[in-house]
Every structure is written in C-alpha cells, then in structure tokens.
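Trainee: One structure is given below, represented as structure tokens, and several questions about it will come after.
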Amino acid sequence: MTRIRKIKDTVMQSFTWIASGISAWVLVAILVFIFSNGWKLLDRSVLFGDYHAKNIVSGFSDEHDVNATFTPPEPLEDDEVISTRFGFAVRDEIDKEKNHVHTLTWVDDHSPLRNGKITTAGPTQGKPAPFKAGMNINKLIFIDSSGEEITVGRLKQQSPQEWIPILERDARQITEFHGKEPGGGMRGSLVATLMLIGLSLLFSVPIGIFAAIYLYAIAKQNRLTMFVRSSIELLAGVPSIIFSMMGITLIFPIIQLFGASGQSIILGSLTMAVLLLPVLIRQTEEALRSVPSSYAQASLALGATQTETLFRVVLPSARNGIFSACLLAVSRIIGESAALIFTMGTAIQDSPSVGSGATSLAVQIYVLMGGENPNFELASAISIVILILVLALNLTVKVVSALSDKKGKA
C-alpha cells in the first residue's frame, strides 16, 4: 500500500470517527438534558395526575378545641412551618408549573382541616374536602377572640413564616379554607395518545394491508402501478403540517356530516391514518415479498387457488413483518405533533373524549414550550415517557424481526 493511499484511508477513517463521535455526543447531550431536567419531576402525580389544578373552597362549622396540640409523627424539614394548634405543616415551594405555592406537607388525622365541607356550588357541594399532604393553601379565614374575621395566606402576600404565627396566636376557629389540588400531570394527554393510537390503527391498518396486497399480487406491472408506487413514495415525504391542513380542510367536512363540530381525536386519528398509509403499505409489501416463493408454489401445486394461497399461506407467513410495520406506525403516532395541531388542537384536556379536542403527549410538550415561560422540567418529564415508550416499541420490532428472520431461515 502506497503512502498516499494510507493517508487517504487515515483521513476517511478520521472523518468516520469524527462523524460518529458528533452523533453520539449530540444523542448523549439530549438524553442528559432531558433526564437531568425531567427525572426529578417524574412521579405518580405527573404520570396519573390531571394537568389543570382544581380549586377547593371549604367551610367549617364545628368549633375547635383552642387548647389542642398536635405533634407531627416525625421531625419536619427546616423550611416547613408547623401549626401545632391546628395540626398541619406548610412549605413555600415552586410547583410543576413554576409558580410559588404554599404546600401542605403534613395534616394530622384529627386536624380541624379534616372536618371541612366543600362550599362551592356543584355536585361536590357539601362533601368532605380532601385535605391532605400535597395540596396547596391559597388562604385561610379564621375568627379571632374578638369575633373578627381575619384572612391570611399566600393571596395576602404572606409567607408561611408570617401567616402561621398569626394563625397560632389569634385564631379561635377556622371558618373557611381556600385550597388547590395541584396540576401539572399528563394523564389526560396519555389517555388521548392511547385513544389516538387505537383509532389511527383501526383506520389505517386494514387499508394499508389490502393496498399492499393489491400492489404485490393483483396489480399489473404497468405505468399505472408505477405511478401508484411513486405517489406512495411522494406521500411519505410530505411534511406533517401539510397533513394537518389537509385534515382540517378535507376530512373535517366529511366527519361534520356525522355531528362533529370542531377539533377532535377522531379527526386527528383520521389524519394520522392518511399519514401512516405510506409506511404501512411499503413495510407490508416488503414483508410479503420476503416470504419464500416456494411457499406459494407448494400451495398452488396442492391445488389451492391464487386467492387461497395469498390469504392462507403468504399473508400468515408475513405476519411478523406486518406486525413490525404496525409497531413502527405506533412509534410515529406517539412522536407526531405537527399533524395534530390543527386537527386535535392544543387545549390540554384532563378527561378527553373521541369527539372533542385534546392533546397527545408530543403536542403537550409543544404547548408547554410555546408560552412566554417554557416549562422545561415538565416537558422533559413527558419526553422521558415518550422515549421509554418508543424504545420499548423499537425493541419489540427488533425482537419480532429477529424471530421473523429465524423462521425464514428455518
């Protein structure tokens, strides 16, 4: 090997190592950023909690024993302020939406706060208020020894170190409590994503499979078939936002005939079904072509028809590849956002339904990052969930593909 060839080989290998290193560095940097910001926030309340906080106003009619004393079961942190007369502790902290809140960190089982009844008009009026650790306190109203009503709390621009001593010193009876169940969860978007996956696959998988069967076994190899294949390839390269515009302008008038009135999960799933068709058709056709021709020849030799051979021999033999195509489609649905902005909307719903707008996990990230104060922490926590879901699906695809290859070789 000449010196010049050695230099060329060294340069090319160097470029390969540099490119690989940059790619690995970018991937690691993204993962480090996401996990460092979102992992500490990822808990049960984020995974299964509502995004929107719920305000609770409760009243108290029973008088409290002014001589009662409560002791927490274990030592509290330095930043927690305790009310020994009323049996609760509060801490000033930043919530998931990056707002200052006063959070209950401990409520005694016999605390007078446990006796509150919801006073807000509605189906829950008169029911016990769910005061527990983790709730936020906005303000407290109590009666002092002279019978005067005093208001204290965060809404009075007071810190726990300021208003709890006032409560301890002057309060004779708490009359009203304004609290809030914290939000910042992703349960609604997670449910909407699962609904979107199910409906999108319901609409796209049958069409994609039968279209692939047509191109594989029925269509004649002529210019029309070539045009159809080229159109499918072209459709795969269309930007997602174009599909979103197509959904709101072409698909919405159709579902409007069935009572739809605006952005909805059903509209988003139909749009995603169109977006997924190129992937499903190509992958399914490749799976059908990977079936050894000897299978079909043996079936035909035994007297089966072309249709029987196709649906009883070839299609079952390609099921692993078709299943892999469906899993890849699910990964695309989970990570898609642009195609859903106009069709499903950007309003986060805690109780999504098929006929109303909602956000998927990816769209919720878009919403969190689109305001004046981007919520990097919550967006990163949702990103971790998406990464875990996509990773699990990709591993499943690898396993299915390996099993398919092993069966094909056998």
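Trainee: Could you tell me whether Phe33 is part of a helix (DSSP H, G or I), farther than 20 Å from Ser189 by Cα and in contact (Cβ under 8 Å) with a residue 40 or more places away in the chain?
Mentor: yes
Trainee: For region 81-98, what are the residues that are touching a strand residue (DSSP E or B) at 6+ places or on another chain (Cβ under 9 Å) and either part of a strand (DSSP E or B) or surrounded by fewer than 20 Cβ atoms within 10 Å (Cβ to Cβ) (or both)?
Mentor: Hits for region 81-98 are Val81, Ile82, Ser83, Phe88, Ala89, Val90, Arg91, Asp92, Glu93, Ile94, Asp95.
Trainee: Just to be sure, is Pro374 touching a helix residue (DSSP H, G or I) at 6+ places or on another chain (Cβ under 8 Å) and in contact (Cβ under 8 Å) with a residue 24 or more places away in the chain? Write out each step before concluding.
Mentor: Numbers: touching a helix residue (DSSP H, G or I) at 6+ places or on another chain (Cβ under 8 Å): yes; in contact (Cβ under 8 Å) with a residue 24 or more places away in the chain: no.
Taking the combined requirement at face value, the residue does not satisfy it.
Trainee: Ok, one more. Taking the criterion of being in contact with a Leu (Cβ under 9 Å, 6 or more places away or on another chain) and under 30 Å from Leu395 (Cα atoms), would at least one residue in region 299-307 satisfy it?
Mentor: no
Trainee: Run down Ser159, Ser204, Ser146, Ser200 and say which single residue is touching a Ser or Thr at 6+ places or on another chain (Cβ under 6 Å) and of a type in the set (Gly, Ala, Ser).
Mentor: None of the other options fit; the residue is Ser200.
Trainee: Could you pull out the residue among Ala304, Ala273 that is at pLDDT below 90 and aliphatic (A, V, I, L, M)?
Mentor: Ala304
Trainee: Out of all the residues in region 120-134, which are assigned to a loop (DSSP other than H, G, I, E, B), within 21 Å of Trp106 (Cα to Cα) and not hydrophobic (A, V, I, L, M, F, W, C)?
Mentor: Taking region 120-134 as the starting set, the residues that turn out to be assigned to a loop (DSSP other than H, G, I, E, B) are 120-127, 129-134.
Checking the rest, the ones that are also within 21 Å of Trp106 (Cα to Cα) come to 129-134.
Hits for region 120-134 are Pro130, Lys132, Gly134.
Trainee: Just one of (1) of a type outside the set (Lys, Arg); (2) part of a loop (DSSP other than H, G, I, E, B); (3) crowded, with 17+ Cβ neighbours inside 10 Å trips up Leu104, so point out which.
Mentor: (2)
Trainee: On the basis of being surrounded by 12 or more Cβ atoms within 10 Å (Cβ to Cβ), within 27 Å of Gly262 (Cα to Cα) and of a type outside the set (Val, Ile, Thr), does Leu194 make the cut?
Mentor: On the way: surrounded by 12 or more Cβ atoms within 10 Å (Cβ to Cβ): yes; within 27 Å of Gly262 (Cα to Cα): yes; of a type outside the set (Val, Ile, Thr): yes.
Yes, satisfied.
Trainee: Condition first: surrounded by fewer than 17 Cβ atoms within 10 Å (Cβ to Cβ), assigned to a strand (DSSP E or B) and at pLDDT 85 or above. Can you find one or more residues in region 110-117 that meet it?
Mentor: So far as region 110-117 goes, yes, one or more of its residues are surrounded by fewer than 17 Cβ atoms within 10 Å (Cβ to Cβ), assigned to a strand (DSSP E or B) and at pLDDT 85 or above.
Trainee: Kindly list the number of the only condition in (1) part of a loop (DSSP other than H, G, I, E, B); (2) closer than 28 Å to Asn115 by Cβ that fails for Asp78.
Mentor: Result: Asp78 fails condition (2) only.
Trainee: Does region 79-91 contain any residue that is at pLDDT below 85 and of a type in the set (A, V, I, L, M, F, W, C)?
Mentor: There is no residue in region 79-91 that is at pLDDT below 85 and of a type in the set (A, V, I, L, M, F, W, C).
Trainee: Tell me, which residue of region 246-299 that is surrounded by 20 or more Cβ atoms within 10 Å (Cβ to Cβ) and among the small types (Gly, Ala, Ser) is farthest from Thr343 (Cα to Cα)?
Mentor: Ala287
Trainee: Let me ask another. Here is a list: Phe323, Phe311. Which entry is in the same structural domain as Ala212 (by TED's automatic domain parsing), of a type in the set (Phe, Trp, Tyr), more than 19 Å from Ile386 (Cα to Cα) and in contact with a helix residue (DSSP H, G or I) (Cβ under 7 Å, 6 or more places away or on another chain)?
Mentor: Values: Phe311 fails: in contact with a helix residue (DSSP H, G or I) (Cβ under 7 Å, 6 or more places away or on another chain).
Result: Phe323 is the single residue among Phe323, Phe311 that is in the same structural domain as Ala212 (by TED's automatic domain parsing), of a type in the set (Phe, Trp, Tyr), more than 19 Å from Ile386 (Cα to Cα) and in contact with a helix residue (DSSP H, G or I) (Cβ under 7 Å, 6 or more places away or on another chain).
Trainee: Please work out which one of (1) assigned by TED's automatic domain parsing to the domain that holds Thr124; (2) touching a Ser or Thr at 6+ places or on another chain (Cβ under 7 Å); (3) more than 20 Å from Leu155 (Cα to Cα) is the condition Ala68 fails and give its number.
Mentor: Failing condition for Ala68: (2).
Trainee: Just to be sure I understand the filter: pairs with C-beta atoms under 9 Å, separated by 6 or more residues or on different chains, first member in region 234-259 and in contact (Cβ under 8 Å) with a residue 12 or more places away in the chain, second member aliphatic (A, V, I, L, M) and not in a helix (DSSP H, G or I). Which pairs pass?
Mentor: These pairs meet every condition: Ile241/Ile341; Ser244/Ile341; Met246/Val238; Phe252/Ala260.
The values are calculated or read from the model by the stated rules, or taken from the named source; none is laboratory data. These figures come from a predicted structure and were not determined experimentally. Cβ sites come from the backbone with ideal geometry, for glycine too, and all protein chains shown count toward neighbours.
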